[in-house]
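Report on the structure given below.
The values are calculated or read from the model by the stated rules, or taken from the named source; none is laboratory data. These figures come from a predicted structure and were not determined experimentally. Reconstructed Cβ throughout: ideal geometry from the backbone, glycine too, with neighbour counts over all protein chains shown.
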Amino acid sequence: MSELTDKITIKKSNLSAATKKDYDFRLGLFYRFSPIKSDDELIDCPSVELQKILVSYVRHLIKRVNDDDLLANTVPKMFRGIRWILNSNYLENDIKWNPIESMFPKSVKRSGHNA
């Protein structure tokens, strides 16, 4: 593939404005945590290295959930933008998502009741 081939990013997508804003916000949080700092770096990151970074990020989010700094139901949402970029650039299957998703905390019912 040549260097002139366009990479599909959130800004170039046809997603709704609200979805773009949400994905950009959550990707920004990921970029602040990880050594990856942009959509282009995410797309170009070798899959083995990216897998390690994503597992480390899940552990970071779980720690935040355990510290009551983040809700458990938010953790899967933190990966939607990442998955969208990887999927749009034909890279989603390079990542083993099952081990990552198995680490997600159990979702909590909003009402707080066990009914």
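In the condition set (1) surrounded by fewer than 18 Cβ atoms within 10 Å (Cβ to Cβ); (2) in contact (Cβ under 8 Å) with a residue 24 or more places away in the chain, P46 is compliant with all but (2). Screening D24 with (1) among the acidic types (D, E); (2) in contact (Cβ under 8 Å) with a residue 24 or more places away in the chain; (3) outside any helix (DSSP H, G or I) gives one miss only, at (3). For the range 90-113, taking the residues that are part of a helix (DSSP H, G or I) and touching a helix residue (DSSP H, G or I) at 6+ places or on another chain (Cβ under 8 Å), the one that is nearest to I8 (Cα to Cα) is identified as E92.
Per-residue answers, yes or no, for (1) touching a Gly at 6+ places or on another chain (Cβ under 8 Å); (2) touching a residue at least 12 places away in the same chain (Cβ under 8 Å); (3) assigned to a helix (DSSP H, G or I):
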{"residue": "K20", "(1), (2), (3)": "no, no, yes"}
{"residue": "F30", "(1), (2), (3)": "yes, yes, yes"}
{"residue": "D40", "(1), (2), (3)": "no, yes, yes"}
{"residue": "Y57", "(1), (2), (3)": "no, yes, yes"}
{"residue": "V65", "(1), (2), (3)": "no, yes, yes"}
{"residue": "L70", "(1), (2), (3)": "no, no, no"}
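When K96, K52, K21, K37 are checked against the criterion of being touching a Phe, Trp or Tyr at 6+ places or on another chain (Cβ under 6 Å) and of a type in the set (D, E, K, R), K37 stands alone in meeting it.
This table checks each residue for (1) on the phi > 0 side of the Ramachandran plot; (2) of a type in the set (S, T, N, Q); (3) modelled with pLDDT of 95 or more.
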{"residue": "L4", "(1), (2), (3)": "no, no, no"}
{"residue": "K7", "(1), (2), (3)": "no, no, no"}
{"residue": "S13", "(1), (2), (3)": "no, yes, no"}
{"residue": "D22", "(1), (2), (3)": "no, no, yes"}
{"residue": "R26", "(1), (2), (3)": "no, no, yes"}
{"residue": "L29", "(1), (2), (3)": "no, no, yes"}
{"residue": "P35", "(1), (2), (3)": "no, no, yes"}
{"residue": "D39", "(1), (2), (3)": "no, no, no"}
{"residue": "E49", "(1), (2), (3)": "no, no, yes"}
